[in-house]
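A.B. asks: Quick one: the structure is below, questions incoming.
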Amino acid sequence: MENLKMNPEVDTQNYSKSSLHLPSSLRELRIAACQAKSTQVRERTLSEIIADLSKPIPLGLISLKPITKKINNEVVVLKRVPYIKVYILSAIFDYICPGWEKKDQADYMGSEVCVKTTLIIHASDGSFSRDAFGTEPVSSKAYGGPLLSASAQSFRRAASLFGLGKYFYHDGTAQATVKKIFAQSQTNEKNDNEQERDYVDNLSLSNYHD
């Protein structure tokens with residue numbers, strides 16, 4: 001398992017007083033979350049916490065899900081939508097509001113499984129909860145099975161009620177996010193190709209001089 005060292009740039013003494021910004025990578029987020037969990041600070045108000053959760057999420061923490069439709073026996077991608085993987089959601093909450101809680105209640109309704117998620121945040125002005133639901137057909141072949149898929153849906157929706165990723169539910173801002181991710185991906189690919197070309201050129205020059 002990767003050893004995550006504490007980040008000296010995160011000041012735990014001022015953790016409760018400052019506005020927090022999400023790290024841009026999963027590794028940095030995990031380090032910050034570990035530090036925040038160790039402090040168990042609850043001196044921030046709910047409004048301060050929601051303000052931080054409502055900030056734009058770094059592109060490196062966002063995944064894209066294809067929305068498909070079968071047309072003439074061919075699966076066609078209609079569009080892609082942004083979402084946050086469950087383990088990243090948990091890390092974000094560990095960082096922004098350590099001590100948070102999540103409770104799931106599952107029930108089967110005919111051919112569907114329904115999960116109710118209660119998300120609880122403990123702040124200096126009290127404990128606050130949000131409820132959300134997720135459903136998935138029992139026959140679903142989604143990764144992890146229908147129960148896990150429904151639980152992930154309800155978790156994301158409950159998180160959005162506290163502000164996290166709420167803008168994903170507006171098609172305009174969601175598609176703008178998708179375009180930014182594609183643009184960043186193309187830039188990264190271009191940089192990787194340039195680095196590889198430079199490496200090959202340097203290697204060729206080295207062999208020539210030898």
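The values are calculated or read from the model by the stated rules, or taken from the named source; none is laboratory data. Just so it is clear, the model here is predicted, and its values are computed rather than measured. What goes into the accessible areas is simple: the full protein's heavy atoms, side chains included, and nothing from ligands, DNA or RNA. Shrake-Rupley method; radii C 1.70, N 1.55, O 1.52, S 1.80 Å.
A.B. asks: Name the long-range amide H neighbours of Arg44: under 5 Å, sequence gap of 5 or more, or other chain; modelled H, no Pro or chain starts.
C.D. replies: For Arg44, whose amide H was placed from the backbone, the distant partners under 5 Å are Ser124.
A.B. asks: For Lys37 and His21, calculate 0.36 nm times their separation in residues minus their Cα-Cα distance, and state this gained length in nm to one decimal.
C.D. replies: Contour length minus the Cα-Cα distance gives 4.2 nm.
A.B. asks: Can you work out the accessible area per residue across the range 99-195, with the rest of the protein chains kept in place, probe 1.4 Å, in square angstrom?
C.D. replies: Here the residues of the range 99-195 average 59 Å² of exposed surface.
A.B. asks: Additional query: Give the carbon-plus-sulfur fraction of the accessible surface of the range 19-151 in %, rounded to a whole number; probe 1.4 Å, heavy atoms of protein chains only.
C.D. replies: On the range 19-151, the fraction of accessible area on carbon and sulfur atoms equals 52 percent.
A.B. asks: Here's something else I'd like to know. Per-residue HN-Hα couplings for the range 28-35, Karplus 6.51 cos²θ - 1.76 cosθ + 1.60 at θ = phi - 60°, whole Hz, x for Gly and Pro?
C.D. replies: 5, 5, 5, 5, 5, 5, 4, 5
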